[in-house]
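First the structure, in the form of structure tokens, and then the observations on it.
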Amino acid sequence: MKRVPEPDLMEQKEQAYAYANADFSNSNELFLEKLFESCSITDETKILDVGCGDGEIPIEIYKKTKSKITVLDG
């Protein structure tokens with residue numbers, strides 16, 4: 001899964017609305033699948049997610065593992 005970083009924070013409302021309404025469910029599902037294949041995450045695991053966006057990924061991780069997750073987004 002190739003990620004394309006944004007060059008700057010969104011400057012126009014239309015950009016923010018488009019991002020907020022985008023469907024990332026397929027890429028999030030693939031990311032979570034690969035994460036759980038490669039990492040052992042338990043309820044004692046501590047995770048820091050910097051740039052978590054809407055938090056969908058850490059929420060799903062928590063649902064499956066009850067791990068301790070700190071999230072941060074700009």
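The values are calculated or read from the model by the stated rules, or taken from the named source; none is laboratory data. Note that the structure is predicted; figures quoted are calculated from it, not measured. Backbone-built Cβ (ideal geometry, glycine too); neighbour counts: all protein chains shown.
Remarks
- S38 being modelled with pLDDT of 95 or more and surrounded by 13 or more Cβ atoms within 10 Å (Cβ to Cβ): no
- Summed over the stretch 28-74, the residues that are among the aromatic types (F, W, Y), touching a strand residue (DSSP E or B) at 6+ places or on another chain (Cβ under 6 Å) and within 17 Å of R3 (Cα to Cα) give a count of 0.
- Pairs meeting the criteria (first residue in the stretch 46-74 and over 15 Å from E29 (Cβ atoms) and polar (S, T, N, Q), second residue modelled with pLDDT of 95 or more and in a strand (DSSP E or B), beta carbons under 7 Å, at least 6 apart or on different chains) are S67/I47; T70/L48.
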